[in-house]
Amino acid sequence: MLLFLLECAAAPDANNGVGDSPLHLATWFGNHKCVKHLLAYNASTELPNALGLDPYANVISRSPLAKKKKLPSNLRKALALIVNHRQPAQQPDDELPQVASSPAAEEPAVRSRRLEPLRASTGSLDDFHDCENEGDT
């Protein structure tokens, strides 16, 4: 259904009554397939919800499992897609990617400075381990 809506030009950054975008919800529920589709349709990984949290920070700072440093594999996959989307592979200068102009677009250095406090407080995804086999999912 999501892919159909996106193909029909639904706004990937629309939000609900509390400011959560489809990417916030797909990430929260660990639906990595939906995260992948939303990112392919240029959903913003930086868009804050009503709490001022982007999709990654929303999960990392509010999930009880994240606070215990235990994440199920589907949630780890969804978060990894966002992290990888934010940090594209280095390319030679003559092959720089074209960036679509949008209000959410900003220089990587600015984005990096804004994310540093989050990275410092949450560490990396490598700090979390899979909890699916521990019985406390």
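Every number in this text was worked out from the coordinates using simple rules, so none of it is lab data. Note that the structure is predicted; figures quoted are calculated from it, not measured. As a convention, Cβ positions derive from the backbone with ideal geometry for all residues, glycine included, and neighbour counts pool all protein chains shown.
Run the quick spin-label model on ALA40 and LYS69: label points 7 Å from Cα toward the beta carbon, then report their separation in nm to one decimal.
3.6 nm
Straight-line reach only, C-alpha to C-alpha below 18 angstrom: list the lysines that LYS33 could link to, leaving out same-chain residues fewer than 8 apart.
Output for LYS33: LYS77.
Would you kindly compute the Cα radius of gyration of region 8-54 and its largest Cα-Cα separation (Dmax), both in Å?
According to the Cα coordinates of region 8-54, Rg and Dmax are 9.9, 30 Å.
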